[in-house]
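Undergrad: Next up is a structure, given as structure tokens.
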Amino acid sequence: MIVILKYNSGNVMSVRVALQRLGYTSVISDDPDIISKADRIIIPGVGEARSAMNYLRERNLDSLIVSLKQPVLGICLGLQLLCSYSEEGDTRCLGVFDASVSRFPEGAMVPHMGWNDFVSLNGDPLLRGVVVTDDVYYVHSYYAGVNQFTTAVCDYCLPFSAAMRKDNFFATQFHPEKSAGKGELILKNFLEL
Amino acid sequence: MLKKRIIPCLDIRDGRTVKGVSFVDLRDAGDPVELAKAYADQAADELVFLDITATNEKRKTFASLVEKIAGAINIPFTVGGGISSVDDVSALIKSGADKVSVNTAAFNDPGLITRLADEFGSQCIVAAIDAQLIRGEWLVCINAGTTVTGTGALEWAERAWKLGAGEILLTSVNSDGTKAGFSTDITSSISDRVNIPVIASGGAGTMEHFREVFAETSCSAALAASVFHFGEILVPDLKKYLKENNIDVRI
């Protein structure tokens, strides 16, 4: 069973229909029992860090998420929530990745919106089959810098984490569910890990 | 490198595409979902759906169409047309739209942009601006381009950005439908003034027009309708041409 984490985020449906197109059914839930039993968990994201963390804390989902042993994929805000801190709303986040999230510097065009590429660093199985000339869809105003968990780097004003991984926790700053065929490949890689 | 985007725009009335479409052998060229899928397969970067349904009553069908589109395509899309409240936007976002565009309602009530940005995030909110050159001055037009206001397009674009819009969809009323090229002057002024992406719209007739708007302005995307719908320009050919002319696009 694939669970898409339900929280106050905008694109839960987008992820669900993307999985449907790949032939997978999923459940949208914030029920700890259902999440614990899932084979795969996706934390989607378009939203605001502070209100998202409040939603998770009110339901004690913060401690549950960090204890998960099955593959977890955080997308966009999902990646940022898996970090330890976000400048957005001065928010303490889940802390799976010991890394912090900052706003793009003054003068940069934000959001970073559109198709951009990335360079894979160490053969993350999540990104198998995607090469440096491929583009994926980004839309975000905050970023996690390059850190020990970075598995792919994108350059926009400065280098930042396009993808990160720690053990069973995978994350992308871009939106695989909106990234045409290459995005579908990445979702498939995650589902078939 | 962030790529320049190519965006086909579809006009929708009562749930059907309005303009005739002949670029590809579709079973039903009036079906927005089929057309959207065809464009996504051609590597269009995004799509815009503009609901020109006349009455609010009939507009209710739009949200269910948006849901079908979201289920069918794997690229981002914006919906617009007659949006005037947080509730309107909420229904469209829940149906799977990535962004919404607001035009006349936002001009008449600029606070709407801020309310929408606060509720859904700036990245969802596109300020659509129709601009017309009158006696040397680019002015904002509202009510589907039929009413000229006394407000400068540059001034309104800057205000919309500061109010929280995440993107500007700039249509030149003078160029729209002429196939004589984008209005690069106003596109350039606005793209240089605001620090959010600007989509140039109105006037695309040839592949050279797209090269020109990207080379001469700092716009992030270019939008067109009929040249794509009638197969005069195919998205893959256009992107190949732009790449050969040193414009970075997604192939």
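The values are calculated or read from the model by the stated rules, or taken from the named source; none is laboratory data. This structure is a prediction, so every number in the text was calculated from the model and none was measured. Glycine also receives a Cβ, built like all others from the backbone with ideal geometry; neighbour counts cover every protein chain displayed. Keep in mind that these areas ignore ligands, DNA and RNA; they rest on the heavy atoms of the full protein, side chains included. Shrake-Rupley method; radii C 1.70, N 1.55, O 1.52, S 1.80 Å.
Undergrad: Do we find a residue being touching a residue at least 24 places away in the same chain (Cβ under 8 Å) and buried (at least 21 other Cβ atoms within 10 Å of the Cβ) anywhere in the range A:127-134?
TA: Yes, there is a match, as at least one residue in the range A:127-134 is touching a residue at least 24 places away in the same chain (Cβ under 8 Å) and buried (at least 21 other Cβ atoms within 10 Å of the Cβ).
Undergrad: On to the next question. Any residue at all in the range B:162-174 that's within 14 Å of chain A (Cβ to nearest Cβ) and open to solvent by 60 Å² or more (accessible area, probe 1.4 Å)?
TA: Yes: the range B:162-174 contains one or more residues that are within 14 Å of chain A (Cβ to nearest Cβ) and open to solvent by 60 Å² or more (accessible area, probe 1.4 Å).
Undergrad: Scan the range A:110-133 for residues that are in a loop (DSSP other than H, G, I, E, B) and either modelled with pLDDT of 95 or more or more than 9 Å from every other protein chain (Cβ to nearest Cβ) (or both) and report the count.
TA: Summing the residues that are in a loop (DSSP other than H, G, I, E, B) and either modelled with pLDDT of 95 or more or more than 9 Å from every other protein chain (Cβ to nearest Cβ) (or both) in the range A:110-133 gives 11.
Undergrad: What's the number of the only condition in (1) out of contact with any helix residue (DSSP H, G or I) (no Cβ under 6 Å at 6 or more places or on another chain); (2) part of a strand (DSSP E or B) that A:Leu73 fails to meet?
TA: Status for A:Leu73: all satisfied but (1).
Undergrad: Another question, if that's okay. So which of A:Val96, A:Val139 is under 19 Å from A:Glu48 (Cα atoms), surrounded by 22 or more Cβ atoms within 10 Å (Cβ to Cβ) and away from every other protein chain (no Cβ under 14 Å)?
TA: Within the list A:Val96, A:Val139, the selection yields A:Val96.
Undergrad: Name the single residue that is least open to solvent (accessible area, probe 1.4 Å) among those in the range A:20-48 being away from chain B (no Cβ under 11 Å) and assigned to a helix (DSSP H, G or I).
TA: A:Ile35
Undergrad: Considering only residues that are modelled with pLDDT under 95 and either open to solvent by 30 Å² or more (accessible area, probe 1.4 Å) or more than 28 Å from B:Val102 (Cα to Cα) (or both), which ones fall in the range B:196-225?
TA: Correct list: empty.
Undergrad: Considering B:Ala36, B:Ala63, B:Ala72, which residue is within 14 Å of chain A (Cβ to nearest Cβ), at pLDDT 90 or above and farther than 24 Å from B:Asp176 by Cα?
TA: B:Ala72 is the lone residue from the list that is within 14 Å of chain A (Cβ to nearest Cβ), at pLDDT 90 or above and farther than 24 Å from B:Asp176 by Cα.
Undergrad: Taking the range B:208-251, which residues are among the small types (Gly, Ala, Ser), under 16 Å from the mean Cα position of the chain (by Cα) and within 13 Å of chain A (Cβ to nearest Cβ)?
TA: B:Ser220, B:Ala221, B:Ala222, listed by residue number.
Undergrad: Looking at (1) within 25 Å of A:Glu184 (Cβ to Cβ); (2) in a strand (DSSP E or B), which is the only condition A:Ser102 fails?
TA: Condition not satisfied by A:Ser102: (1).
Undergrad: Could you list all residues from the range B:135-158 that are over 11 Å from B:Ile190 (Cα atoms) and open to solvent by 40 Å² or more (accessible area, probe 1.4 Å)?
TA: Correct list: B:Arg135, B:Gly136, B:Glu137, B:Asn143, B:Ala144, B:Thr146, B:Thr147, B:Val148, B:Gly150.
Undergrad: Enumerate the pairs (first residue in the range B:215-228 and closer than 17 Å to B:Lys3 by Cβ; second residue anywhere and part of a helix (DSSP H, G or I) and open to solvent by 20 Å² or more (accessible area, probe 1.4 Å)) with beta-carbon separation below 6 Å, excluding pairs fewer than 6 apart on the same chain, so at least 6 apart or on different chains.
TA: Within 6 Å, the pairs are B:Thr217/B:Thr184; B:Thr217/B:Ser188.
Undergrad: Tell me whether the range B:97-113 contains one or more residues that are within 18 Å of the chain's Cα centre (by Cα), at positive phi and open to solvent by 10 Å² or more (accessible area, probe 1.4 Å).
TA: No, the range B:97-113 has no match at all.
Undergrad: Out of everything in the range B:75-100 that is part of a loop (DSSP other than H, G, I, E, B) and within 11 Å of chain A (Cβ to nearest Cβ), what residue ends up being farthest from A:Lys182 (Cα to Cα)?
TA: Only one residue fits best here, namely B:Ser95.
Undergrad: Continuing with this model, one more query. Please work out if B:Ala180 is more than 18 Å from the chain's Cα centre (by Cα), more than 23 Å from B:Leu139 (Cβ to Cβ), small (Gly, Ala, Ser) and open to solvent by 10 Å² or more (accessible area, probe 1.4 Å).
TA: Criteria not met by B:Ala180.
Undergrad: Which of the residues that make up the range A:152-193 are closer than 26 Å to B:Val249 by Cβ, more than 14 Å from every other protein chain (Cβ to nearest Cβ) and not in a helix (DSSP H, G or I)?
TA: Of everything in the range A:152-193, those that are closer than 26 Å to B:Val249 by Cβ, more than 14 Å from every other protein chain (Cβ to nearest Cβ) and not in a helix (DSSP H, G or I) turn out to be A:Ala152, A:Ser161, A:Ala163, A:Thr172.
Undergrad: So, of the residues in the range A:1-19 that are within 14 Å of the chain's Cα centre (by Cα) and in a helix (DSSP H, G or I), which turns out to be farthest from B:Ile125 (Cα to Cα)?
TA: So, considering only residues that are within 14 Å of the chain's Cα centre (by Cα) and in a helix (DSSP H, G or I), the one farthest from B:Ile125 (Cα to Cα) is A:Val15.
Undergrad: Residues in the range A:47-76 that are hydrophobic (A, V, I, L, M, F, W, C) and in contact with an Asp or Glu (Cβ under 8 Å, 6 or more places away or on another chain): how many?
TA: Counting residues in the range A:47-76 that are hydrophobic (A, V, I, L, M, F, W, C) and in contact with an Asp or Glu (Cβ under 8 Å, 6 or more places away or on another chain) gives 5.
Undergrad: Please work out if B:Ala128 is open to solvent by less than 40 Å² (accessible area, probe 1.4 Å), away from every other protein chain (no Cβ under 14 Å) and assigned to a helix (DSSP H, G or I).
TA: Here the answer is no, as B:Ala128 does not meet what is asked.
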